[in-house]
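Data block below; observations after.
The values are calculated or read from the model by the stated rules, or taken from the named source; none is laboratory data. Being a predicted model, the structure only gives us computed values, none of them experimental. Neighbour counts run over all protein chains shown; Cβ positions are idealised from the backbone, glycine included.
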Protein chains: 2
Amino acid sequence: MNRQWIYARRPEGAVTTDIFELQLTDLPQPAPGEALVRVKIISVDPANRAWMQGRTYRPQLQPGEVMGGFGLGEVIASNTPQLRPGDLVDGDFGWRDYLTVRPDQVTKRDPRHAPEHLVGVLGITGLTAYFGLFDVGRPVAGETVMVSAAAGAVGSVAGQLARIAGCRVIGVTGGQAKCDWITGTLGFDAALDYKAGDLKAALKEICPEGVDVYFDNTGGAPLDAALARMNVGGRIACCGNVSQYDRGGATGGPPGVPGLLVTKRIRMEGFIVTDHFARRHQAERALAGWLRDGRLKAPMDIVEGFERVPQALVDLLHGRNRGKMMIRIA
Amino acid sequence: MNRQWIYARRPEGAVTTDIFELQLTDLPQPAPGEALVRVKIISVDPANRAWMQGRTYRPQLQPGEVMGGFGLGEVIASNTPQLRPGDLVDGDFGWRDYLTVRPDQVTKRDPRHAPEHLVGVLGITGLTAYFGLFDVGRPVAGETVMVSAAAGAVGSVAGQLARIAGCRVIGVTGGQAKCDWITGTLGFDAALDYKAGDLKAALKEICPEGVDVYFDNTGGAPLDAALARMNVGGRIACCGNVSQYDRGGATGGPPGVPGLLVTKRIRMEGFIVTDHFARRHQAERALAGWLRDGRLKAPMDIVEGFERVPQALVDLLHGRNRGKMMIRIA
């Protein structure tokens, strides 16, 4: 049998687990040219929520579809010479145990790495941090880098990479416990609690010299604070807008745009990790090297069991995770 | 005698002429190392209004100061070998007949060009269009370029430059008359009247293939419309925010930021013309060549008389000019 979570209805405001419905189906059969994949780990990401809001770099999720989501799986049967039983592959597999794929829908992964790392720091998460920071933010050693959602999967890696690149790193996260964790365990130079009051004033105090690169996972208040504090020639790598995902209607954008972009000559640039995949292997090698050296930690929040996937997404959207959240289902 | 307009009080909302006061003073005397400049043409620019709102790339204007403003003048006496009587110079001279300057406060200009062109298409205005379009927007022949405030000084040049670079050009301006003028006289491919209703829908109709480069002089509704229409990989050159200058309190920013920047991988980048002055002469040569060839028109709105400077700024902020507005005072 194949279990799958159906995206049954649009959320009114914040996502609740009852918008998903569990469905049991027969095992799908691979057609000629296809392979059968058994999903082992499902990645839970803020982007899952954005896909419900509208068209992004993928079509909008429609009620009745299998819930979308990145994952790591193993080929267990194949009708194509390009995929062989035992191959480890990743892709947008959705929340299910089994699916059939064409070779162009998956990426083969190196089985010498831990599967959790392939999903996290050596997967989309780590690559997003790497390309967003280095190719879009382009920090120079000695500069100050600010990261929002700094205890999250991407933010926790982006901040550590900025430290490796010789920068001073300020993380924004929610609550004192996560602040202590990113400075104590992950080596951030400073942390700011966005729930603790006036973020602009706190940032000004901690960054009297301004911010050169802002890695933005959230939009909202951290973006407003960063815009006010950016130095001339500053860069904002727009990775996500998670402060706006898990809610109903749209809100206004940052009042500093475009005025402060002009007066401070700020570059604000969005990116999607897959656009940079021409350099994927180079980035993976670098990340794997730092991981091996111990210079890069790969914090993970691993949940066991297929039935817990919807709750894991709710927890993620409420900031209850530290590092990469994933669900081991096989 | 030296006439000067004092910025006497902050505007409450839109600028009115009574925030300025005319003052007569003695002729200033150049100290050693200084020269005396007679201002010939005062440039009136939307930026003049932004300087009242807060610190930009220059300190905020303070009540009691001579009103700031770019201008072209002639050296009439000098105590420095770097400036000689008869030299044409430009700089932020303010609204006055005479001032003393140090050589590092002015730029010498080539007297073989018409003085009006030195203020307009071969001055800050033309260079702003040139660097903003080519160095920030980076259009490629065949792409679609959108320009707001397209009948204004910078927009009218930016649109023509995009045509010269082989692009399709859409201009946004206010009223049917200015729409007809930018298509009929300046050669824009299409014009949109932002006063005529739903700008987003009109832009979608005229640009079914999307916008690749948006040269933003205004922020506000044209920016919102552009964000909705930008193609993946689009670029927004943030030149000004004139829709927000001539008013009281701040408004919200564009709701599409940062969400659409991420999903469409848009680069949004502010600039100030002087940052690009290392290539000033190269740009001036190119602009002068196109002007000579007749490929580039230099529309101008020339007002005569020092007493009319405040009204000219009010007219500019209400969009009553076509092309570069300047006041000939000597």
Segment A:234-249 residues that are under 16 Å from residue A:260 (Cα atoms), paired with ones that are among the small types (Gly, Ala, Ser) and surrounded by fewer than 20 Cβ atoms within 10 Å (Cβ to Cβ) (beta carbon under 6 Å, 6 or more apart): none
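Take segment A:273-283 and flag every residue that is within 11 Å of another protein chain (Cβ to nearest Cβ) and of a type in the set (S, T, N, Q). Reasoning before the result, please.
So in segment A:273-283, the residues within 11 Å of another protein chain (Cβ to nearest Cβ) come out as A:273-276.
Within segment A:273-283, A:274 is the sole residue that qualifies.
From the list A:308, A:322, exactly one residue is more than 10 Å from chain B (Cβ to nearest Cβ), charged (D, E, K, R) and buried (at least 19 other Cβ atoms within 10 Å of the Cβ). Which is it? Let's see the steps before the verdict.
Numbers: A:308 fails: buried (at least 19 other Cβ atoms within 10 Å of the Cβ).
Sole residue among the options that is more than 10 Å from chain B (Cβ to nearest Cβ), charged (D, E, K, R) and buried (at least 19 other Cβ atoms within 10 Å of the Cβ): A:322.
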Matching option when the condition is more than 30 Å from residue A:217 (Cβ to Cβ), in contact with a strand residue (DSSP E or B) (Cβ under 8 Å, 6 or more places away or on another chain) and either among the charged types (D, E, K, R) or exposed (fewer than 14 other Cβ atoms within 10 Å of the Cβ) (or both), among A:58, A:38: A:38
Residue count, segment B:211-254 (criterion: in contact with a Lys or Arg (Cβ under 7 Å, 6 or more places away or on another chain) and more than 20 Å from residue A:268 (Cα to Cα)): 2
Qualifying positions in segment B:95-136 - in contact with a strand residue (DSSP E or B) (Cβ under 6 Å, 6 or more places away or on another chain) and assigned to a loop (DSSP other than H, G, I, E, B): B:95, B:97, B:106, B:109, B:111, B:120
The listed residue being touching a Gly at 6+ places or on another chain (Cβ under 6 Å), in the same structural domain as residue B:109 (by TED's automatic domain parsing) and among the aliphatic types (A, V, I, L, M), out of B:39, B:15, B:75, B:44: B:39
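In segment A:268-277, is there at least one residue being part of a helix (DSSP H, G or I) and farther than 30 Å from residue A:112 by Cα?
Start the filter on segment A:268-277 by keeping residues that are part of a helix (DSSP H, G or I), which leaves A:273-277.
Pick out the ones that are also farther than 30 Å from residue A:112 by Cα and you get none.
No, segment A:268-277 has no match at all.
Restricting the search to segment A:292-319, which residues are assigned to a loop (DSSP other than H, G, I, E, B) and within 22 Å of residue A:118 (Cα to Cα)? So that I can check it myself, show each step before the final result.
Initial filter on segment A:292-319 (assigned to a loop (DSSP other than H, G, I, E, B)): A:294-299, A:305, A:318-319.
The answer is A:294, A:295, A:296, A:297, A:298, A:299, A:305.
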Residue among A:256, A:270 that is at the interface with another protein chain (Cβ under 7 Å from one of its Cβ atoms) and over 22 Å from residue A:131 (Cα atoms): A:256
Odd one out for residue A:229, checked against (1) surrounded by fewer than 16 Cβ atoms within 10 Å (Cβ to Cβ); (2) closer than 13 Å to residue A:256 by Cβ; (3) not β-branched (Val, Ile, Thr): (1)
Hits in segment B:138-183 - residues which are hydrophobic (A, V, I, L, M, F, W, C) and part of a loop (DSSP other than H, G, I, E, B): B:140, B:141, B:149, B:150, B:151, B:165, B:167
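This table checks each residue for (1) surrounded by 24 or more Cβ atoms within 10 Å (Cβ to Cβ); (2) acidic (Asp, Glu).
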{"position": "A:134", "(1), (2)": "no, no"}
{"position": "A:145", "(1), (2)": "yes, no"}
{"position": "A:155", "(1), (2)": "yes, no"}
{"position": "A:177", "(1), (2)": "no, no"}
{"position": "A:182", "(1), (2)": "yes, no"}
{"position": "A:205", "(1), (2)": "no, yes"}
Scan of segment B:175-231 for residues that are in contact (Cβ under 8 Å) with a residue 24 or more places away in the chain and polar (S, T, N, Q), ordered by number: B:185, B:217, B:218, B:231
Top-ranked residue of segment B:194-247 - restricted to ones that are in a strand (DSSP E or B) and away from every other protein chain (no Cβ under 11 Å), ranked as farthest from residue B:170 (Cα to Cα): B:231
Cβ-Cβ under 7 Å pairs, at least 6 apart or on other chains, segment B:261-286 side over 30 Å from residue A:56 (Cβ atoms), far side β-branched (Val, Ile, Thr): B:273/B:124; B:273/B:128
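Yes or no, residue by residue, for (1) surrounded by 16 or more Cβ atoms within 10 Å (Cβ to Cβ); (2) modelled with pLDDT under 95; (3) of a type outside the set (Asp, Glu); (4) in contact with a helix residue (DSSP H, G or I) (Cβ under 8 Å, 6 or more places away or on another chain):
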{"residue": "B:91", "(1), (2), (3), (4)": "yes, no, yes, yes"}
{"residue": "B:96", "(1), (2), (3), (4)": "yes, no, yes, no"}
{"residue": "B:104", "(1), (2), (3), (4)": "no, no, no, no"}
{"residue": "B:108", "(1), (2), (3), (4)": "no, no, yes, no"}
{"residue": "B:114", "(1), (2), (3), (4)": "no, no, yes, no"}
{"residue": "B:120", "(1), (2), (3), (4)": "yes, no, yes, yes"}
{"residue": "B:128", "(1), (2), (3), (4)": "yes, no, yes, yes"}
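Given the structure, is residue A:303 away from every other protein chain (no Cβ under 14 Å) and either at pLDDT 95 or above or touching a His at 6+ places or on another chain (Cβ under 6 Å) (or both)?
Numbers: away from every other protein chain (no Cβ under 14 Å): yes; either at pLDDT 95 or above or touching a His at 6+ places or on another chain (Cβ under 6 Å) (or both): yes.
In short, yes.
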Number of positions in segment A:166-175 that are closer than 21 Å to residue A:243 by Cα and surrounded by fewer than 22 Cβ atoms within 10 Å (Cβ to Cβ): 2
